[in-house]
Amino acid sequence: MKTLVIYYSRTGITKKIGQAIASKIQADTEEIIDLKDRKGAWEYLKAGRDAMKRVPADIADTKNDPAGYDLVVIGTPVWAGNMACAIRTYIGRNKDRIKKLALFCTMGGAGDQNTFNEMESLSGKTVAAKITVRTREAGKPETDARLDEFVRQLSQ
Ligand SMILES: Cc1cc2nc3c(=O)[nH]c(=O)nc-3n(C[C@H](O)[C@H](O)[C@H](O)COP(=O)(O)O)c2cc1C
């Protein structure tokens, strides 16, 4: 199954998980670039507010057409109980070009269910599989085992 793994990552955790998933299934990857600088304490607060208010971000042009893939896996950090603004833009733009969708998110501790619900509803798709990784769990062997189970679900 030709698969594309899409992710946005502000500090590298979601990127790490996206690349781990992709390497297990030989998927192509693409990082979504938010054109707004999200570094620093003030920007952190604004990012949370934007995510909560469902404000999309301006993003850099993407290289891979999701319509050319059997499956697209999209990952986001949880921001204020929601998806990151750049992922909101990506799903909004590409939802009609995605055949089959799976989701992952990373978070400190809470907000994954609402994030997945919003991503599912924005995409208009029934999601094939979902996985949440807590920031402190990234890179641990038990997380790797959970990612193996996630990719098994993708092939069903
Ligand atoms: C603006 C902002 C809001 C956040 N809100 C939440 C939240 O609601 N719940 C949570 O568990 N973690 C929250 N976090 C923590 C991130 O989801 C977590 O650190 C994530 O793993 C970061 O991924 P990244 O390194 O790919 O950017 C927030 C982080 C940021 C920057």
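The values are calculated or read from the model by the stated rules, or taken from the named source; none is laboratory data. The shown structure was predicted, so the numbers you read here are calculated from the model rather than taken from an experiment. Note: ideal-geometry Cβ built from the backbone for every residue, glycine included; neighbour counts use all protein chains shown. In case anyone asks, the SASA skips ligands and DNA or RNA and just uses the protein heavy atoms, side chains included. Shrake-Rupley method; radii C 1.70, N 1.55, O 1.52, S 1.80 Å.
If you roll a 1.4 Å probe over the chain with all protein chains in place, what percent of the accessible area is carbon or sulfur? Could you put the intermediate results ahead of the total?
Values: 3700 of 7670 Å².
Its accessible area is 48 percent carbon and sulfur atoms.
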Original post:
Which value, in debye to the nearest 20, gives the size of the charge dipole of the chain about its Cα centre, when Lys and Arg are +1 and Asp and Glu are -1 at the Cβ?
Top reply: 220 debye
Subject >> Cubic angstrom per residue, convex hull over Cα atoms of the chain >> reply: 97 Å³
Subject >> Residue-normalised accessible area of segment 1-43, expressed per residue, 1.4 Å probe, Å² >> reply: 53 Å²
Subject >> Helical contribution to [θ] at 222 nm, DSSP H n ≥ 4, -39,500 (n - 2.57), averaged over the chain, rounded to 500 >> reply: -12000 deg cm²/dmol
Original post:
Considering only Cα-Cα distances, which of the following residue pairs are longer than 23 Å: 16/63; 2/24; 16/125?
Top reply: 16/125
